[in-house]
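Working notes, structure below.
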Amino acid sequence: MARDSQAALVALNRFGFGARGGASGDLINAASDPRGFVKAELARPNGVLLEAPGLQSTPQLGQAVFAYQDQVKQAREAAKAAAPAEGAQQAPADQKPGPRRNLSLNAVATEIAGQMAETKPVDNSAKPDTMQPNAAAPPAAKPAPQPLNVIQKTFRAEALARLQRATLVECGFTERLVVFWSNHFCISASKGELARIWAGAFEREAIRPHVLGRFADMLRAVEQHPAMLFFLDNQQSLGPDSRAGQNRKRGLNENLAREIMELHTLGVGGGYTQDDVTSLARIITGWTFAGRQGQLGTPGSFVFNANAHQPGPQMLLGKTYGPTGLAQGEAALADIARHPSTANFIATKFVRHFVADDPPPALVARLRDIFVKTDGDLKAMAVALVDSDEAWKAPLTKMRSPYDFVVASGRLLARVPEDPGGYLNNLNLLGQPLWSPAGPNGFPDTSAAWAAPEGIKLRLDIAAQIGARLGNNIDPLDLLEFAAADAASIETRKTIERAESRQQALALLLMSPEMQRR
């Protein structure tokens with residue numbers, strides 16, 4: 001059973017989020033047919049899609065943000081208008097004003113600066129004689145209505161749906177694929193209100209439907225999604241010779257074009273020049289989303305604004321693309337998706353994520369060839385990865401990312417999240433805030449990035465908190481059987497057995513190599 005347990009550990013940790021506790025039997029099921037256990041999820045393509053009550057489309061969420069912003073504006077204006085009237089009667093100069101009272105205008109999202117409406121000094125000259133038995137203070141002013149923070153509410157709902165899916169799935173391979181591609185084509189929720197409310201919808205709409213499809217289709221869906229256009233400022237990019245560019249005296253923004261080539265497809269050293277970046281930026285001018293007025297379409301939806309598009313043919317990577325409007329950009333993306341440099345860049349990054357920080361060259365070459373031969377079939381590439389011997393023989397040395405760690409811990413403890421708050425707080429603490437990387441290159445994908453002493457100490461703190469909260473009711477040795485069985489090292493088993501308490505033993509289990517490495 002030892003050899004099968006080791007293969008089962010690889011199946012669950014390398015390709016998934018680890019074994020679930022309770023009566024799941026994940027390790028036993030994986031041990032019977034490790035490769036088949038992993039590939040079984042790939043046969044259920046609809047299982048990648050994520051639908052949950054209350055989750056809305058990007059245009060619906062865009063309109064909700066615009067309405068929310070209008071409500072906040074109206075509340076501020078109402079507070080300003082009310083303030084002079086409330087303080088119209090001033091206290092005599094020889095009297096000290098009464099205490100000031102702060103009336104909260106709103107208690108909304110952390111991303112919106114708290115706006116506090118403050119009343120004028122209380123007019124003591126009009127204050128009743130408190131010595132009289134029937135005297136009463138004037139009624140206090142009512143605080144302005146508090147707009148519902150739809151932005152934070154939506155972000156938390158999207159986060160909860162993602163966390164619940166990752167916790168409940170049998171293996172988690174397809175969810176790991178979602179995490180990989182979402183980080184590859186990342187946006188950051190910290191960009192602003194639209195990015196924050198759209199972060200989950202972006203993943204649901206542009207990533208999940210294509211995880212087992214074609215790379216070119218995912219690429220187009222990503223680059224045309226309002227969240228990506230907003231994140232990389234393409235709605236601000238105007239063709240210099242377009243009608244809008246001439247009227248507004250504003251030109252290109254190359255952010256999206258540069259990241260498409262450097263981070264999304266060809267990679268650094270992929271054979272493009274600065275001239276190619278500028279050319280692609282011209283080609284995708286006019287790719288934007290409809291604003292709150294809905295002049296170009298449904299607010300929050302992708303639109304092509306012909307008035308902002310640079311007219312004329314464009315040369316990109318040695319090929320001329322005719323002046324065909326929206327189709328010009330879509331044709332350029334399709335060709336970039338098929339470029340040999342794209343195949344090599346994607347295969348290398350894919351193997352680095354799942355197998356080793358230093359990707360085995362033979363495996364990279366094999367996946368690159370499959371990418372080329374299948375026209376970017378991502379399911380075929382995933383199957384080839386699971387079928388490779390390298391993916392099963394390489395030692396489990398990669399450090400789990402903070403997201404992998406918190407999800408794996410929840411799975412092993414059989415704790416289906418009902419509120420995302422604890423998970424989100426831990427991810428913030430560990431340096432991987434959900435959907436919020438520091439830059440367009442996403443979160444790092446090497447062990448060195450997550451194995452720094454400070455990061456390990458923070459993980460230990462979290463593990464100790466979990467142990468203190470749940471340790472009394474759990475036998476850590478039983479959990480070790482769920483997590484690794486015979487594949488657990490002698491050192492790990494002895495360390496848990498020698499713990500001074502169940503709480504400490506649980507914390508040590510969560511910090512063991514069987515839980516921290518993949």
Unmet requirement for residue 459, which otherwise passes all of (1) under 22 Å from residue 26 (Cβ atoms); (2) crowded, with 21+ Cβ neighbours inside 10 Å; (3) among the charged types (D, E, K, R): (1)
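Name the one entry in 451, 414, 484, 468 that is over 30 Å from residue 213 (Cα atoms), touching a strand residue (DSSP E or B) at 6+ places or on another chain (Cβ under 9 Å) and either surrounded by 18 or more Cβ atoms within 10 Å (Cβ to Cβ) or of a type in the set (A, V, I, L, M, F, W, C) (or both). Please lay out each step first, then the result.
Numbers: 414 fails: touching a strand residue (DSSP E or B) at 6+ places or on another chain (Cβ under 9 Å); 484 fails: touching a strand residue (DSSP E or B) at 6+ places or on another chain (Cβ under 9 Å); 468 fails: touching a strand residue (DSSP E or B) at 6+ places or on another chain (Cβ under 9 Å).
From the options 451, 414, 484, 468, the qualifying one is 451.
Give the residue, chosen from 46, 13, 29, that is among the polar types (S, T, N, Q) and surrounded by fewer than 19 Cβ atoms within 10 Å (Cβ to Cβ). Lay out the reasoning, then the answer.
On the way: 13 fails: surrounded by fewer than 19 Cβ atoms within 10 Å (Cβ to Cβ); 29 fails: surrounded by fewer than 19 Cβ atoms within 10 Å (Cβ to Cβ).
46 is the lone residue from the list that is among the polar types (S, T, N, Q) and surrounded by fewer than 19 Cβ atoms within 10 Å (Cβ to Cβ).
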Matching residues in the range 177-213 - criterion: being more than 11 Å from the chain's Cα centre (by Cα) and of a type in the set (D, E, K, R): 191, 193, 205, 208
Residue match in the range 433-448 (condition: in a loop (DSSP other than H, G, I, E, B), open to solvent by 40 Å² or more (accessible area, probe 1.4 Å) and on the phi > 0 side of the Ramachandran plot): no
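Give the residue, chosen from 285, 278, that is under 30 Å from residue 60 (Cα atoms), touching a Leu at 6+ places or on another chain (Cβ under 9 Å), of a type in the set (Val, Ile, Thr) and open to solvent by less than 30 Å² (accessible area, probe 1.4 Å). Before you say what the answer is, go through the steps one by one.
Values: 278 fails: under 30 Å from residue 60 (Cα atoms).
When all the criteria are applied, what remains is 285.
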Residue in the range 417-440 that is over 19 Å from residue 182 (Cα atoms), in contact with a Pro (Cβ under 8 Å, 6 or more places away or on another chain) and aromatic (Phe, Trp, Tyr) present: no
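Applying the selection to the range 325-354, what residues are assigned to a helix (DSSP H, G or I), of a type outside the set (S, T, N, Q) and open to solvent by 10 Å² or more (accessible area, probe 1.4 Å)?
If we filter the range 325-354 for residues that are assigned to a helix (DSSP H, G or I), which is where we start, we get 326-337, 340-354.
Filter again for of a type outside the set (S, T, N, Q), leaving 326-327, 329-337, 340, 343, 345-347, 349-354.
Result: 326, 327, 330, 331, 334, 335, 340, 345, 349, 352, 353.
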All positions within the range 500-518 that are out of contact with any Lys or Arg (no Cβ under 8 Å at 6 or more places or on another chain) and either surrounded by fewer than 18 Cβ atoms within 10 Å (Cβ to Cβ) or at pLDDT below 95 (or both): 500, 501, 513
Residue within the range 355-373 that is in a helix (DSSP H, G or I) and in contact (Cβ under 8 Å) with a residue 60 or more places away in the chain present: yes
Tabulated pairs, the range 405-431, first free of Cβ contacts under 8 Å to residues at least 60 places away in the same chain, second of a type in the set (Ser, Thr, Tyr) and surrounded by 16 or more Cβ atoms within 10 Å (Cβ to Cβ), C-beta under 7 angstrom, 6+ apart or interchain: 406/423; 427/403
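The values are calculated or read from the model by the stated rules, or taken from the named source; none is laboratory data. Values in this document were obtained by computation on a predicted structure and should not be read as measured data. All Cβ positions, glycine included, derive from the backbone under ideal geometry; neighbour counts span all protein chains shown. To get the accessible areas, we keep the full protein, side chains included, count just its heavy atoms, and leave off ligands, DNA and RNA. Shrake-Rupley method; radii C 1.70, N 1.55, O 1.52, S 1.80 Å.
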